[in-house]
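Colleague: Okay, here's the structure, questions in a sec.
Throughout, read-outs are computed from the coordinates displayed, never taken from laboratory work. Predicted model only: the values in this text are computed from it and were never measured. Note that we place each Cβ from the backbone using ideal geometry, even for glycine, and neighbour counts take in every protein chain shown.
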Amino acid sequence: MDSRGIKRLLFSYVLINGIFITLQTKEEVLLDMRASGSELGWLTWPYEQGSKQGWEVVQRSLNGSQLYTYTVCNVGEHEQDNWLRTTFIQRRPSASRVFVELQFIVRDCNSFDGSSLTCKETFNLFSSESDADIGTSFRKGQFKKVATIAPDEITSRNELRINTETRVVESLSRKGFYLAFQDIGACMALLSVRVYYKTCPATVKSLAAFPETVAGGGVNQALREVAGACAKNAVSEESPRIYCTMDGEWVVPVGQCQCMPGYEAVNDTCRDCQPGFFKAFVSNDACELCPVNTKQLSSGALLCLCAEDFYRAPDDPTTGPCSGLPSAPRELVATTTQLAAGKLQLSWSPPEDTGGRSDISYSVECRRCEGTACQPCGEKVRLEPASSGLMDTRVEVSELEPHLNYTFTVEAHSGVSLFASQGAPRSNRPPSTSTLTTALHYTDPPKVTSMRLDERSLTSLSLSWAVAPRRPMPQSTRYKLTYRKKDDNLDVTTYTVLILEKSSVQISDLSPGTAYLFRVQALSPEGSPGGSSIEDEFETLTEVPLSQSNTGVIFGAAVGGAAMLMIVVVVLLIRKRRRRSHTRQGPEDTYFSSSEQLKPLKTYVDPHTYEDPNMAILKFASEIHPSHVTKQKVIGAGEFGEVYRGILKAPGRKEGAVAIKTLKPGYSEKQRQDFLSEASIMGQFSHQNIIRLEGVVTKFKHAMIVTEYMENGALDKYLKDRDGEMPSFQLVGMMHGIAAGMKYLSDMSYVHRDLAARNILVNNNLECKVSDFGLSRVLEDDPEGTYTTSGGKIPIRWTAPEAIAYRKFTSASDVWSFGIVMWEVMAFGERPYWDMSNCEVMKAINEAFRLPAPMDCPSAVYQLMLQCWLQDRSKRPRFPDIVSLLDKLLRSPESLKAIADFDPRVSIRLPSTSGSDGSPFRSVSEWLESIKMSQYSENFTCAGVVTMDQVLQMKNVDIKNIGVRLPGHLKRIAYSILGLKDQTSTLSVFAV
Ligand code: AMP
């Protein structure tokens, strides 16, 4: 740098690519007239020294300091051409562009009297390049004009005005140059000439170092590209570059340097990662803390290695944490699911220590041991869903043999389990396996393989059968033998079921010359039937063979040696008595499953048998704290108080909607016990089609009975609201549910006594459930209850004649009521026997009249109703039969297609034929109201049908056209019109 140079740093801010970067500009001075402080020895031309004609050196004092200036002032003269040339100015290589800063004073031409004509106020700046100092030789022609310089402010007589102007001399290429100032007649003084060039100073940007650079590019180039070098331990994909502008500013850095792995950027250098930190990749990120379960390494770590006993799975990132092997699964237990089928379920809890991983899976190994010899179970045992790769903590094991010891080893695996087998085993590694040994101690019932006839007579058959041995053979195997006559075409089929303790039997009292079908099946000691049963046919003799004729009757009731339990089941086959002929029923119509009869049954306990009825409540109902019950809305009125819909939110139970029956204040103790007796009864039942008791509140003043909530309320109302809108199939489905509930009750020897659609509740899924179990309900609760001559209150229309006559309430009388419920269902909640009085109803029933088939009632369904209303209660079907029959009808919907005969005159009865007083209807709306079709009044009016005469003219298509679309409604109106036309209508109900 020039010894006279003055460094001046200028700061500027340049916005590059949206980022402000601070740049410093530096000026390198080549010539400074004022700073030299002495006479400069610049050449003047013309050469007349001492005359007043050209530039001359004048020493001045300015602000107290001495300085040399060049002045010229020939304003009175013509054609002035005075030159002042600097000494040779050395150029710096690459400084092709220099700045010339001038300070000067120019006198105002107007301040010269009379000389203003030739007076000038400007001067010219010239330059001339040269490779060497040419001394005093001066030729004007070698100079090129740079600029004409004019003052911004001119100096008057009494005021000095200093101007500063800067000009650029460009495209310099030779070793040096001269500047020259041409005066053409001004009066001026040159106070200062400063020649300098600009540089971009050496800098470090983004970890790249750039050297000091002369501003601007070559000839006419505004920018100079400068290559940089990455700092130590830094690298860059693209070599770093930056541009130096003409003004000495760095702009547009390209290509970033980033610290190498193991180093991080700190103050424009790359520094080693500190101990316990690492950096795996080239980046400008800071070093990261070593992840868990890794070793703490010294500084400059690229990665942190796993600590002892910790690993990274092949798919784990090398920068992630290390994990340990999982510990053993916990709480391994075996639960027997189906003992006799050799099945169990193994289940376990996830390991306590998963090693910090979530990819835990399990494998199960099975070994079977006989004595001390163990071997893998192999194919002999099935593990489902699989034996390895299990994500769930359970597995189903099947095909286990009884009395063998099985050892199950459950191992927890994770992504790092493959390291478990590598290297020497370490004592501190937790075991990943859990082992359980178990055995199934059950007796597999043997399989009956063949049946043989040992002896036969006119009335007896001796049979025996063989069994496939099982290991070990159960000590006492029992057998179930079922037989029936082969060609049992009668209405009544008899099945006989024998439970035998021997594999042979002699059966007596058979019919001569008759084929019988036998089925035998072995039972396990627990009573469950073994594999498949075997069926065979044997026939008794038609004639007594000679050899046997003398032996007489062979056996009595006792069967040789075998203890025999005999269950004889008689099944009534309901004969189809449809008016229209249908296919005859074959033997497959037998809808009885003998196994049902073998089930041990729970019996209903009458709460009255308890001396203290509160004990019954305690036994059969769970107590609920009233704070767990929230009443929301009254939904009905019970005998003892309001019925509410509400919410039960008891600890340990799922929150849910409930019905809450309350007991009115002011009750007596007797009323309280009667109220709660319903809960004691309901609490004994558990069936899909019986309303479920959730619990009772008895320990507080306001007693409550809480039951499941049935969204659709009572069945009779539900059906009335959907008159004609539900298909038979759905209605039969509802009946099936009710029958299933009643079967359950009859199995428990419970007689309901008040079965009616109003006492059936319907939920959201259209499931029907039997309700209303209060002990006093038949007497008090039911609005249908009527006092009879035999005493007591009875819902006459629903009750079987024998129950009305002499209070013979049985499951058979419940079957009668069920028949009435079926009718209510098919008639969409119509009142049985309409508005006949109870007296009329009883009379009609005694005279063998029965309700007629409702409209659109499937014939099979009506036939079943009629069976339920058989006078002889022993002939009525029982609930199991009813369930089976309805089940069969539902399984073959075709069977519902045949519709029972319908007589509109009796089915829509009195109101459809005339007004209530027996006179014809006075208006269309009165008629519509009587058949409960008032909703169509407007349709008739709009269609102009306003008189009954017009109604009588209507055909089915007309009814449809006025907007009656629902088939049920269409039929109801059409049938009513038919009835109106028929003047001979009778008021009788259907006679059986
Ligand atoms: P009850 O005293 O049992 O005859 O009940 C009177 C009325 O309350 C019934 O007719 C139903 O409308 C209604 N109700 C009773 N229990 C329930 C229940 N569990 N779910 C819905 N509504 C019910």
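Colleague: Treat each spin label as a single point 7 Å out from the Cα along the C-beta direction, and report the T542 to T122 distance in nm.
Modeller: For T542 paired with T122, the spin-label model returns 15.4 nm.
Colleague: What is the order of L618, L62, fewest Cβ neighbours within 10 Å to most?
Modeller: So the residues, fewest neighbours to most, are L62, L618.
Colleague: Could you work out how far apart the two model spin labels at A307 and K664 are, taking each label as a point 7 Å from the Cα in the direction of the beta carbon, and quote it in nm?
Modeller: 7.7 nm
Colleague: Also, quick follow-up: With charges only on Cβ, +1 for K and R and -1 for D and E, what is the dipole size of the range 669-770 about its Cα centre, in debye, rounded to 20?
Modeller: So the magnitude is around 300 debye.
Colleague: How large is the Kirkwood hydrodynamic radius of the range 261-331, counting all unique pairs of alpha carbons, in Å?
Modeller: 13.1 Å
Colleague: Which ³J(HN,Hα) values in Hz, rounded to whole numbers, follow from the phi angles of the range 624-630 under the Karplus curve 6.51 cos²θ - 1.76 cosθ + 1.60, where θ = phi - 60° and Gly and Pro get x?
Modeller: Values, residue by residue: 10, 7, x, 5, 8, 10, 10 Hz.
Colleague: On each of the three principal axes of the Cα atoms of the range 265-306, give max minus min coordinate, whole Å, ordered largest first.
Modeller: Result, largest extent first: 33, 16, 11 Å.
Colleague: About the Cα centre of the range 178-261, what is the dipole size in debye to 20, counting +1 per Lys and Arg Cβ and -1 per Asp and Glu Cβ, all else neutral?
Modeller: 160 debye
Colleague: Moving on to the next point. Beyond 26 Å, what share of the Cα-Cα pairs of the range 219-353 remains, rounded to the nearest whole percent?
Modeller: 55 percent
Colleague: Mind giving me the FRET efficiency for A202 and E352? R0 is 56 Å, r the Cβ-Cβ distance, nearest 0.05 is fine.
Modeller: Calculated transfer efficiency: 0.30.
Colleague: OK, next. Can you classify the range 632-731 as rounded, prolate or oblate using the Cα gyration tensor, where a ≥ b ≥ c are the square roots of its eigenvalues, rounded means a/c under 1.5, and otherwise it's prolate if a/b beats b/c and oblate if not?
Modeller: Since a/c reaches 1.5 and a/b is larger than b/c, the shape of the range 632-731 is classed as prolate.
Colleague: To continue, here is another question. Put a dot 7 Å past each Cα toward the Cβ at K960 and S111; how far apart are the dots in nm?
Modeller: It works out to 12.2 nm between the two label points.
Colleague: May I pose another question? Compute the Rg to Rh ratio over the range 293-349 from the alpha carbon atoms, using the Kirkwood formula for Rh, and round to two decimal places.
Modeller: 1.39
Colleague: Further question on the same structure: May I ask for the percentage of alpha-carbon pairs in the range 166-284 that lie more than 16 Å from each other?
Modeller: It works out to 70 percent of all Cα pairs.
Colleague: A further question on this structure: Report the FRET efficiency, 1/(1 + (r/R0)^6), for F700 and A898, where r is their Cβ-Cβ distance and R0 is 60 Å, rounded to 0.05.
Modeller: Efficiency computed from Cβ-Cβ geometry: 0.60.
Colleague: Treat the count of other C-beta atoms within 10 Å as a stand-in for reagent exposure and order T372, T698 from fewest to most.
Modeller: T372, T698
Colleague: In addition: Give me the Kirkwood hydrodynamic radius of the range 319-376, using the inverse of the mean 1/r over all pairs of distinct Cα atoms, in Å to one decimal.
Modeller: Over the range 319-376, the inverse of the mean reciprocal pair distance is 14.3 Å.
Colleague: Follow-up question, since we're still on this one. Using amide H atoms built in the peptide plane, which far-off residues or other-chain residues are under 5 Å from I690 H to H?
Modeller: Amide H neighbours of I690, under 5 Å, 5+ apart: V770.
Colleague: Additional query: Return the loop-located GluC sites (Glu not before Pro) in the range 267-372 (DSSP other than H, G, I, E, B) with at most 13 other Cβ atoms within 10 Å of their own Cβ; answer none if there are none.
Modeller: Sites meeting the loop and neighbour criteria: E308, E352.
Colleague: Right, something else. Assuming R0 = 35 Å, can you tell me the calculated FRET efficiency for the pair T318 and R394, based on Cβ-Cβ distance, to the nearest 0.05?
Modeller: The calculated FRET efficiency here is 0.45.
Colleague: Any of K447/K502; K720/K971; K343/K380; K602/K875; K26/K144; K897/K960 with alpha carbons more than 19 Å apart? Name them for me.
Modeller: K602/K875; K26/K144; K897/K960
Colleague: In what sequence, highest mean first, do 274-286, 137-149 appear when ranked by Cβ atoms within 10 angstrom?
Modeller: Ranking the peptides 274-286, 137-149 by packing returns 274-286, 137-149.
Colleague: Near the amide H of L223, under 5 Å away, which other amide H atoms are found, from residues 5 or more places off or on another chain, if H is placed in the peptide plane?
Modeller: G217
Colleague: Turning to a different aspect of this structure: Which residues' amide hydrogens lie under 5 Å from the amide hydrogen of L663, considering only partners 5 or more residues apart or on another chain, with H built in the peptide plane?
Modeller: A703
Colleague: Take the alpha carbon atoms of the range 202-242, find their radius of gyration, then divide it by 2.2 N^0.38 Å using N residues; give the quotient.
Modeller: Here the answer is 1.28, to two decimals.
Colleague: Still on this model: What does the extension gain come out to for K502 and Q950, with contour length at 0.36 nm per residue minus their alpha carbon separation?
Modeller: 153.2 nm
Colleague: Could you give me the ³J(HN,Hα) list for the range 98-105, computed from phi with Karplus coefficients 6.51, -1.76, 1.60 and θ = phi - 60°, whole Hz, x at Gly and Pro?
Modeller: Each residue's phi maps through the Karplus curve to give 10, 9, 10, 9, 10, 10, 8, 10 Hz.
Colleague: Going by average Cβ density within 10 Å per residue, which order do the peptides 73-86, 188-201, 644-657, 682-695 take, highest to lowest?
Modeller: Top of the packing list down: 188-201, 682-695, 73-86, 644-657.
Colleague: So, by mean Cβ neighbours within 10 angstrom, what's the order for 28-35, 158-165 with the highest one leading?
Modeller: 28-35, 158-165
Colleague: Still on this structure: Using θ = phi - 60° and the Karplus curve 6.51 cos²θ - 1.76 cosθ + 1.60, what whole-Hz ³J(HN,Hα) does each residue of the range 764-769 get, with Gly and Pro shown as x?
Modeller: Rounded to whole hertz, the list is 4, 8, 6, 7, 9, 10.
Colleague: Gain in length, S94 to R174, computed as 0.36 nm per residue apart minus the alpha-carbon separation, to one decimal in nm?
Modeller: 27.8 nm
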